[in-house]
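The values are calculated or read from the model by the stated rules, or taken from the named source; none is laboratory data. This structure is a prediction, so every number in the text was calculated from the model and none was measured. When we count neighbours, we look across all protein chains shown, and the Cβ atoms used for this are built from the backbone with ideal geometry, even at glycine.
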Amino acid sequence: MSKTILLTVLTLATALHGSFGQNRFTLEDVIHRAQSQSPVFKQNETRRETRYWQYRFYKTNYNPQIRMNSGGGALYTNSITPVRQPDGSIIYLPVNQLNPGVGFALQQPIQWTNGTISVGSSYNYFKDLNGNTVQWNGAPLNIALNQPLLAYNRYKWDKLIEPIRYEESLRDYAEGMEQIARDAADNFFNVMDAQVNLQIATYNLANNDTIYKIEQGRYNIGTTSEDKLLQVELQLLKSRQDVGQASLSLQNASLQLRTYMGLRTGEAFELLLPDQIPTMIITEEDALRYAKETRSAYIAFERRKLEADAAVAQTRGQLYQVSVQASYGLNNVGPTLGGLYENTTKQQVANVTFNIPVLDWGRRRAQMQTAYATKRLNDYVIAQDEVTFEQEIITKVRQFEMLYLQLEITRKSDEVALKRYTVAQNRYLIGKIDITNLGIALTEKDNAKRAYINALRSFWTSYYDMRRLTLFDFVSQKYLYNPVNN
């Protein structure tokens with residue numbers, strides 16, 4: 001090997017020292033790291049946590065709540081204030097008074113009727129700082145009911161929709177983990193492609209250097225032409241260029257994989273080829289059954305239908321606005337707080353409010369027809385999405401069936417092409433074939449190796465795609481997400 005080639009190889013070894021030889025990662029290692037410490041994993045975890053707290057918030061809407069509120073008026077007033085007299089006239093008087101208030105209420109929504117019932121107490125203290133007048137006013141007990149009529153009942157619809165939405169989020173999380181695995185596999189093979197290309201380029205560089213020396217010797221003794229010698233020299237120069245380009249591509253691909261995995265900057269690694277292919281049998285019927293049991297998209301169809309029905313109900317509930325309010329309680333006034341509980345008087349309030357259009361020129365009918373049309377459109381879109389859902393899985397199963405055959409063919413082609421190149425190289429050394437035929441054998445060897453790597457990429461990415469689409473591991477025969485009904 002010439003000094004130039006030796007220098008190139010030494011430079012290459014130095015440049016790759018930070019990328020090889022310290023950690024050896026299998027595909028499973030890369031996926032495990034990506035699913036436990038990558039930025040994408042942390043985003044997936046955060047989305048799941050957010051949806052969990054949203055679901056907890058929804059659950060609290062049905063629970064009673066104890067609330068404390070202020071009296072609503074000014075706590076302290078010191079100003080010239082207009083005071084209306086019994087005869088209707090107004091006198092401006094200086095006012096300096098303290099008037100704090102507080103109320104307590106236990107509120108409980110009535111989910112079946114969309115009403116609210118509450119039990120509470122309220123207290124107000126008044127002190128005239130100018131005249132030193134002190135007085136307490138309050139309602140020790142008050143029971144109130146607020147009941148809308150013909151209105152949209154969000155408690156009813158939320159109880160149907162929100163549990164499905166939360167179940168979706170759990171399945172989304174499981175699908176997100178499998179998407180991480182699939183993307184990690186894709187990044188893995190980006191590095192593996194670059195790694196193999198560098199190995200091919202390095203191997204070809206050494207061989208072309210040897211061939212160049214042989215061709216130089218033949219030229220010196222007159223057994224070959226200058227044209228062939230220049231052809232070999234061009235191949236040698238191209239090999240040096242290929243090594244440099246392959247080295248740069250490997251560094252870039254390794255950096256992308258390191259970033260995706262969440263590795264520390266500069267942490268060295270080398271990838272091992274995942275050529276041990278698991279055996280599995282996947283049928284269209286099984287894949288569809290698992291997908292319907294576990295996928296978030298499938299239960300999302302039900303959720304979207306319910307949301308469309310809820311939208312119609314909400315539009316209908318906005319046509320008429322009728323509400324009933326009623327309350328019963330005890331109230332009193334006295335010089336002390338304890339006096340409010342002595343000789344109390346009844347406090348009763350009842351009211352009906354309504355806002356009903358009498359003549360709206362078809363406005364209500366247009367609102368309802370729009371809501372119905374939107375629901376029909378939504379049903380058509382969901383029906384098409386269901387077909388697409390099934391077609392995607394069936395297509396993936398059929399493609400997956402071809403991958404085993406593709407792997408077997410490319411593996412055998414790789415072995416044959418390597419053997420053919422070895423034979424062609426030996427025949428070239430003894431002068432049985434020319435440099436052109438040797439170059440053809442070299443190209444076929446390189447292409448066969450790359451085709452085999454691409455077949456491995458297709459298999460593993462399709463395998464993790466299948467896991468994501470069905471949330472089922474066909475190798476270990478277990479669910480990747482345990483459905484509620486399983």
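Anything in the stretch 45-60 that is among the aromatic types (Phe, Trp, Tyr) and in contact with a Phe, Trp or Tyr (Cβ under 6 Å, 6 or more places away or on another chain)? List them, or say none.
Tyr55, the sole residue that qualifies.
Return yes when Ile80 is in contact with a Lys or Arg (Cβ under 7 Å, 6 or more places away or on another chain), modelled with pLDDT of 75 or more and not assigned by TED's automatic domain parsing to the domain that holds Ala184 and no when it is not.
Numbers: in contact with a Lys or Arg (Cβ under 7 Å, 6 or more places away or on another chain): no; modelled with pLDDT of 75 or more: yes; not assigned by TED's automatic domain parsing to the domain that holds Ala184: yes.
It is false that Ile80 is in contact with a Lys or Arg (Cβ under 7 Å, 6 or more places away or on another chain), modelled with pLDDT of 75 or more and not assigned by TED's automatic domain parsing to the domain that holds Ala184.
Quick one: in the stretch 278-313, of everything that is out of contact with any Ser or Thr (no Cβ under 9 Å at 6 or more places or on another chain), among the hydrophobic types (A, V, I, L, M, F, W, C) and at pLDDT 90 or above, which residue is farthest from Glu167 (Cα to Cα)?
Ala313
Here is a check on your reading of the model: is Leu456 under 25 Å from Glu168 (Cβ atoms), part of a helix (DSSP H, G or I), in the same structural domain as Ala184 (by TED's automatic domain parsing) and of a type in the set (A, V, I, L, M)?
Numbers: under 25 Å from Glu168 (Cβ atoms): no; part of a helix (DSSP H, G or I): yes; in the same structural domain as Ala184 (by TED's automatic domain parsing): yes; of a type in the set (A, V, I, L, M): yes.
No.
For the stretch 287-329, give me the residue count where each residue is in contact (Cβ under 8 Å) with a residue 60 or more places away in the chain, part of a helix (DSSP H, G or I) and not hydrophobic (A, V, I, L, M, F, W, C).
Summing the residues that are in contact (Cβ under 8 Å) with a residue 60 or more places away in the chain, part of a helix (DSSP H, G or I) and not hydrophobic (A, V, I, L, M, F, W, C) in the stretch 287-329 gives 14.
Considering the stretch 125-157 alone, what residues qualify as being free of Cβ contacts under 8 Å to residues at least 12 places away in the same chain and in a loop (DSSP other than H, G, I, E, B)?
Here is the first cut: in the stretch 125-157, the ones free of Cβ contacts under 8 Å to residues at least 12 places away in the same chain are 131-133.
Gly131, Asn132, listed by residue number.
If I ask for residues that are among the charged types (D, E, K, R), surrounded by fewer than 13 Cβ atoms within 10 Å (Cβ to Cβ) and part of a helix (DSSP H, G or I), which ones from the stretch 409-434 would you list?
Scanning the stretch 409-434 gives Lys412, Glu415, Lys419.
Would you mind telling me which numbered condition in (1) buried (at least 18 other Cβ atoms within 10 Å of the Cβ); (2) assigned to a helix (DSSP H, G or I) Lys213 fails?
(1)
Residue-wise test of (1) surrounded by 11 or more Cβ atoms within 10 Å (Cβ to Cβ); (2) closer than 23 Å to Leu234 by Cα; (3) under 47 Å from the mean Cα position of the chain (by Cα).
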residue: Tyr372; (1), (2), (3): yes, no, yes
residue: Tyr380; (1), (2), (3): no, no, yes
residue: Phe389; (1), (2), (3): yes, no, yes
residue: Thr436; (1), (2), (3): no, yes, no
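Of the conditions (1) part of a helix (DSSP H, G or I); (2) of a type in the set (D, E, K, R); (3) under 30 Å from Thr116 (Cα atoms), Arg47 satisfies every one except a single condition; which number is it?
(3)
Consider the stretch 349-380. How many of its residues are part of a helix (DSSP H, G or I) and touching a residue at least 24 places away in the same chain (Cβ under 8 Å)?
10
Could you tell me whether Glu233 is assigned by TED's automatic domain parsing to the domain that holds Leu271, surrounded by fewer than 20 Cβ atoms within 10 Å (Cβ to Cβ) and at pLDDT 90 or above?
no
Keeping to the stretch 50-67, report how many residues are outside any helix (DSSP H, G or I) and in contact with a helix residue (DSSP H, G or I) (Cβ under 9 Å, 6 or more places away or on another chain). Steps first, please.
Within the stretch 50-67, the subset outside any helix (DSSP H, G or I) is 61-67.
Still in the running and in contact with a helix residue (DSSP H, G or I) (Cβ under 9 Å, 6 or more places away or on another chain): 61-62.
Selection size over the stretch 50-67: 2.
Taking the stretch 269-321 as the region of interest, how many residues are among the aromatic types (Phe, Trp, Tyr) and out of contact with any Phe, Trp or Tyr (no Cβ under 6 Å at 6 or more places or on another chain)?
3
Are any of the residues in the stretch 114-124 outside the structural domain of Ala268 (by TED's automatic domain parsing), touching a residue at least 40 places away in the same chain (Cβ under 8 Å) and surrounded by fewer than 18 Cβ atoms within 10 Å (Cβ to Cβ)?
Among the residues of the stretch 114-124, at least one is outside the structural domain of Ala268 (by TED's automatic domain parsing), touching a residue at least 40 places away in the same chain (Cβ under 8 Å) and surrounded by fewer than 18 Cβ atoms within 10 Å (Cβ to Cβ), which makes the answer yes.
Cβ contacts < 6 Å: first residue free of Cβ contacts under 8 Å to residues at least 24 places away in the same chain, restricted to the stretch 330-348; second residue among the hydroxyl-bearing types (Ser, Thr, Tyr), any location; separation 6+ or different chain. Result?
Gln348/Tyr328
Suppose we filter the stretch 76-113 for residues that are surrounded by fewer than 11 Cβ atoms within 10 Å (Cβ to Cβ) and closer than 23 Å to Gly138 by Cβ; how many remain?
0
Is it the case, given these coordinates, that Val352 is surrounded by fewer than 14 Cβ atoms within 10 Å (Cβ to Cβ) and either in the same structural domain as Ile143 (by TED's automatic domain parsing) or more than 18 Å from Ser118 (Cβ to Cβ) (or both)?
When the stated conditions are applied, Val352 passes them.
Please work out which residue is modelled with the lowest pLDDT, limiting yourself to the stretch 314-337 and to residues that are of a type in the set (Gly, Ala, Ser) and over 17 Å from Asn351 (Cβ atoms).
Gly334
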